[in-house]
Ligand code: NAD
């Protein structure tokens with residue numbers, strides 16, 4: 001089991017999440033009593049022997065952390081990355097605890113990780129690793145216990161192998177063990193773009209609240225989240241003027257034809273050499289554009305001390321996890337800019353994962369329309385809850401979302417007699 005994180009650990013965790021927990025001391029009845037959230041409830045580690053294609057065996061460190069299960073089974077993805085560490089998985093499991101609570105789904109928070117560079121693995125090595133992960137951790141996970149999902153460098157296909165391995169070990173069909181599965185194994189309609197749709201719903205709720213109509217948007221990151229968000233916002237009549245991927249970005253002040261861009265991106269795999277009035281720009285310039293809404297949808301720490309003063313957008317919608325550093329967040333807090341935080345903005349993914357789990361355990365499958373309508377209900381309610389706290393406490397959305405999320409976890413702990 002993991003050792004105690006020590007007195008400052010929560011602050012350290014929350015600094016990484018760009019939140020100063022101390023500030024939300026007075027935000028709720030139980031907020032002061034956050035000791036129980038200082039450590040994860042369960043930490044499982046393994047060193048997985050992986051048979052490589054050339055016959056050699058490599059030992060791969062792997063983790064599964066169940067941070068808090070007061071509100072329900074723990075829920076969170078498994079990432080394959082060369083920088084995975086127990087500390088990182090712990091931080092992400094904590095974030096999942098708060099995110100599930102903010103959108104009010106009956107899950108706790110967990111996370112898994114494997115310290116490996118998957119680009120160096122063949123398909124068969126990847127499959128063996130995925131199956132080995134389940135063989136090592138199957139005793140601790142389960143549809144009513146801890147439910148994994150995809151994360152960085154893991155996908156539908158890997159979730160399919162993991163589901164299959166789990167069902168083979170248990171000797172029965174248990175599709176509720178994992179979400180983000182292929183549709184053929186019980187995946188949910190609408191899951192592939194749920195994070196983006198959730199973000200679009202949250203943004204439009206905010207615009208409605210402020211009586212703002214259509215907006216000009218720049219999106220950093222053209223992967224699953226960024227590209228689907230660009231498409232959804234374009235379809236809803238907003239003007240997406242810039243997008244980027246790791247190689248750089250493009251700008252068209254008249255608005256990019258996103259459907260054309262999708263066709264080109266699918267064919268060429270990059271954003272370069274677009275026709276028309278499109279200018280190629282750097283990622284740095286994209287973050288500094290004078291637009292209504294800036295959407296960091298790529299990786300963490302993109303807005304930091306050195307570039308925060310150059311950000312001109314009025315609204316920042318955090319679709320990536322932790323795209324703003326703590327230092328930059330403090331600067332933004334003092335400005336008149338609005339940050340819609342990751343634990344609210346990108347919670348659509350875990351919400352539809354919950355719907356997938358519901359479909360699996362009830363054996364009743366929903367239409368895409370039903371999934372999207374339910375997602376809207378959950379996201380709108382979460383936005384209204386966060387808005388209400390932000391008004392009542394006179395704080396920003398990030399602090400309000402943390403107050404909401406932490407309060408509900410602590411209420412559940414209290415009902416269990418743990419506080
Ligand atoms: P992805 O791998 O599909 O896409 C990432 C995109 O970011 C790619 O276009 C990549 O080229 C770009 N990118 C990478 N490094 C960059 C850099 N230095 N500068 C600019 N662009 C860069 O990942 P994704 O699933 O779209 O996830 C994006 C973010 O959203 C991550 O922070 C992820 O944790 C978060 N998130 C994703 C989901 C989900 O359902 N996929 C849910 C919640 C949060």
Got a number for residues in segment 298-349 being in contact with a helix residue (DSSP H, G or I) (Cβ under 6 Å, 6 or more places away or on another chain) and closer than 23 Å to residue 97 by Cβ? 15
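Given the condition away from the ligand (no atom under 16 Å from the Cβ), assigned to a helix (DSSP H, G or I) and modelled with pLDDT under 95, answer yes or no: does some residue in segment 352-367 qualify?
No, segment 352-367 has no match at all.
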For segment 144-192, which residues satisfy the criterion of being without any contact (Cβ under 8 Å) to a residue 40 or more places away in the chain, more than 26 Å from residue 117 (Cα to Cα) and under 22 Å from the mean Cα position of the chain (by Cα)? 183
Determine, yes or no, whether residue 295 is under 27 Å from residue 247 (Cβ atoms), more than 15 Å from the ligand (Cβ to nearest atom), touching a residue at least 12 places away in the same chain (Cβ under 8 Å) and outside any helix (DSSP H, G or I). no
Before we move on, is residue 286 touching a strand residue (DSSP E or B) at 6+ places or on another chain (Cβ under 8 Å), surrounded by 19 or more Cβ atoms within 10 Å (Cβ to Cβ), in contact (Cβ under 8 Å) with a residue 60 or more places away in the chain and not in a loop (DSSP other than H, G, I, E, B)? yes
Of the residues that sit in segment 140-154 and are assigned to a strand (DSSP E or B) and more than 16 Å from the ligand (Cβ to nearest atom), which one is farthest from residue 78 (Cα to Cα)? 142
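Can you tell me which of 382, 401 is assigned to a helix (DSSP H, G or I), under 23 Å from residue 38 (Cα atoms) and under 20 Å from the mean Cα position of the chain (by Cα)?
Numbers: 382 fails: under 23 Å from residue 38 (Cα atoms).
Unique residue meeting the criteria: 401.
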Do you know which residues across segment 310-322 are part of a loop (DSSP other than H, G, I, E, B), within 16 Å of the ligand (Cβ to nearest atom) and without any contact (Cβ under 8 Å) to a residue 60 or more places away in the chain? 311, 318
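Just a yes or no: is a residue in segment 95-108 away from the ligand (no atom under 16 Å from the Cβ), touching a strand residue (DSSP E or B) at 6+ places or on another chain (Cβ under 7 Å) and touching a residue at least 12 places away in the same chain (Cβ under 8 Å)? Steps first, please.
Taking segment 95-108 as the starting set, the residues that turn out to be away from the ligand (no atom under 16 Å from the Cβ) are 104, 106, 108.
Add one more test, that the residue is touching a strand residue (DSSP E or B) at 6+ places or on another chain (Cβ under 7 Å), and what stays is 108.
Within this subset, residues satisfying the condition of being touching a residue at least 12 places away in the same chain (Cβ under 8 Å) are 108.
Yes; the residues of segment 95-108 include at least one that is away from the ligand (no atom under 16 Å from the Cβ), touching a strand residue (DSSP E or B) at 6+ places or on another chain (Cβ under 7 Å) and touching a residue at least 12 places away in the same chain (Cβ under 8 Å).
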Quick one: what pairs do we get from segment 249-261, first residue surrounded by 14 or more Cβ atoms within 10 Å (Cβ to Cβ), second assigned to a helix (DSSP H, G or I), C-beta under 7 Å, 6+ apart or different chains? 249/283; 249/286; 258/230; 258/231; 258/234
Can you give me the number of residues within segment 202-243 that are in contact with a strand residue (DSSP E or B) (Cβ under 6 Å, 6 or more places away or on another chain), assigned to a helix (DSSP H, G or I) and either modelled with pLDDT under 95 or closer than 13 Å to residue 254 by Cα (or both)? 1
Out of all the residues in segment 207-248, which are surrounded by fewer than 19 Cβ atoms within 10 Å (Cβ to Cβ), farther than 16 Å from residue 288 by Cα and more than 16 Å from the ligand (Cβ to nearest atom)? 207, 208, 209, 210, 211, 212, 213, 214, 235, 236, 237, 239
Condition set within 15 Å of the ligand (Cβ to nearest atom) and at pLDDT 95 or above, scope segment 299-309, selection surrounded by the fewest Cβ atoms within 10 Å (Cβ to Cβ): answer is 306
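The values are calculated or read from the model by the stated rules, or taken from the named source; none is laboratory data. Just so you know, these numbers come straight off a predicted model, no measurement behind them. So basically every Cβ, Gly included, is an ideal-geometry build from the backbone, and we count neighbours across all protein chains shown.
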